[in-house]
Amino acid sequence: MSRTIPFHFVDVFAVAPLTGNSLAVVDGGGELALELMQNIAREFNQSETTFVLPATRADADWKLRSFTPKGVEVFGAGGHNTLGAWWWLAAAGRLELADGPTWFHQQIGDLVYPLAIWQSQGKLEKIIMRQEAPVAGRQLSNLGALATALGLNAEEIADVVPCQVVSTGAAHLLVPIRDREAVDRRCQTAFRPAQGGRRGRLLRLLTRSATARNHSVCTLFQPDCRHFRGSGNRYGGWSARRTSRCTQSCTARRNQGRARHYSRTYQHH
C-alpha cells in the first residue's frame with residue numbers, strides 16, 4: 001500500500017525567489033512513524049522540514065512537527081520552520097483571514113502558542129508569533145579557543161554580552177562578533193564545534209546591523225555543517241533578547257511579496 005503526500009518548498013525571509021531560509025512543508029503525514037518523518041527530513045536536506053498536522057488539543061488550530069536533516073525534532077515557536085508553515089497555510093487558502101490581524105493558535109509538542117497573521121485587501125503582509133521565554137545556559141570563558149575554532153581573531157569576539165547557550169525551544173550558542181566583516185570572513189572550521197557538541201545544538205554568530213537600528217546580522221551554523229544567513233528582527237527571539245532589548249514577538253515579512261513556494265508530492269510505501 002502506498003500514499004502520496006504533498007509537500008512544498010518555501011523561501012522564508014526572502015527578497016527574491018530561491019533566497020532566504022529554505023523550508024520543506026509537508027501537508028499531513030500524522031500517521032507516519034517518527035523514523036519515517038526523520039528520514040523524509042533527511043532526504044529533503046533543508047535546514048528544517050515541517051509537517052502540518054491536525055491539532056490534538058482543542059485550543060489549537062494546527063499542530064506542527066519540525067525536524068532537522070539530522071532527525072532532531074525542533075520545539076518552540078518563532079523560527080522560520082513555523083513562520084513558513086503558517087505563511088504556506090495562508091497562501092494556500094487553508095485559513096480564513098480578515099483584513100488586519102487574525103489570531104490563531106499552533107500546537108508544538110504539548111504546548112500551544114498564539115500567532116497573528118496580517119492581511120490587507122486580500123494580500124498577506126506579515127506574521128507575528130509568541131515564543132517561549134529564553135532560557136540561558138552555559139557561558140563559554142575560553143574565548144581564544146572559540147575564536148580559533150571559528151577562524152577568527154580573539155579580539156573579533158565582542159564583549160557586549162557573554163558567549164552563551166540560549167534556548168527558546170532550540171539551543172543556540174550565541175557568539176557576539178565585532179562587525180559584519182568578521183561575520184562574513186569566518187571560515188569553514190566554524191562548523192566543526194557544532195558537529196561534536198550536544199545533539200541538535202546550533203551555532204549563531206551575530207553583530208549589529210550597520211544599516212538598521214535595533215537589527216542584527218547573523219550567520220547560523222547547523223550541526224550538519226551548513227549555514228544560513230540573514231538580518232533583521234527575525235533573530236530577536238534568539239539574539240536580541242540576550243541584550244534585553246526586544247519584545248516577545250517575532251515578526252516575519254515576505255518582502256514585497258517575493259517569497260515563493262514550490263509544490264511536489266512524496267510517495268511512501
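The values are calculated or read from the model by the stated rules, or taken from the named source; none is laboratory data. Just so it is clear, the model here is predicted, and its values are computed rather than measured. Note that each Cβ is placed from the backbone with ideal geometry, even for glycine, and that neighbours are counted across all protein chains shown.
Annotations
- In the condition set (1) out of contact with any Gly (no Cβ under 7 Å at 6 or more places or on another chain); (2) under 25 Å from Gln46 (Cα atoms), Thr168 is compliant with all but (1).
- The sole residue among Trp88, Trp118 that is under 17 Å from the mean Cα position of the chain (by Cα), aromatic (Phe, Trp, Tyr) and either at negative phi or at pLDDT 95 or above (or both) is Trp88.
This table checks each residue for (1) touching a residue at least 12 places away in the same chain (Cβ under 8 Å); (2) in a helix (DSSP H, G or I); (3) more than 24 Å from Ser66 (Cβ to Cβ); (4) small (Gly, Ala, Ser).
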position	(1), (2), (3), (4)
Ala133	yes, no, no, yes
Ala136	yes, no, no, yes
Gly144	no, yes, yes, yes
Ala147	no, yes, yes, yes
Glu155	yes, yes, yes, no
Val161	yes, no, yes, no
His172	yes, no, no, no
Glu181	no, yes, yes, no
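- Scanning the range 61-91 for residues that are under 23 Å from Thr102 (Cα atoms) and basic (Lys, Arg) gives Lys63, Arg65.
- Residue count for the range 172-185 satisfying the condition of being crowded, with 19+ Cβ neighbours inside 10 Å and farther than 11 Å from Leu206 by Cα: 1.
- Residues of the range 51-86 satisfying the condition of being in contact with a Lys or Arg (Cβ under 9 Å, 6 or more places away or on another chain) and over 16 Å from Met37 (Cα atoms): Ala55, Thr56, Arg57, Trp62, Ala77, Gly78, Gly79, His80, Leu83
- Residues that are of a type outside the set (D, E, K, R) and not in a loop (DSSP other than H, G, I, E, B) within the range 64-86 comprise Leu64, Ser66, Phe67, Val74, His80, Asn81, Thr82, Leu83, Gly84, Ala85, Trp86, listed in sequence order.
- Pairs, first farther than 24 Å from Lys126 by Cβ and modelled with pLDDT of 80 or more in the range 1-28, second part of a strand (DSSP E or B) and of a type in the set (D, E, K, R), C-beta under 7 Å, six or more apart: Ile5/Asp27; Pro6/Asp27; Phe7/Asp27; Phe7/Arg264
- Positions within the range 174-189 being touching a Cys at 6+ places or on another chain (Cβ under 9 Å) and at pLDDT below 90, in sequence order: Val183, Gln188
- Condition check for Ala55: in contact with a His (Cβ under 6 Å, 6 or more places away or on another chain), of a type outside the set (Ser, Thr, Tyr), closer than 17 Å to Ala90 by Cβ and free of Cβ contacts under 8 Å to residues at least 60 places away in the same chain: no
- Within the range 1-57, the residues that satisfy the criterion of being buried (at least 23 other Cβ atoms within 10 Å of the Cβ) and of a type in the set (Val, Ile, Thr) are Val10, Val12, Val25, Val26, Thr49, Thr50, Val52.
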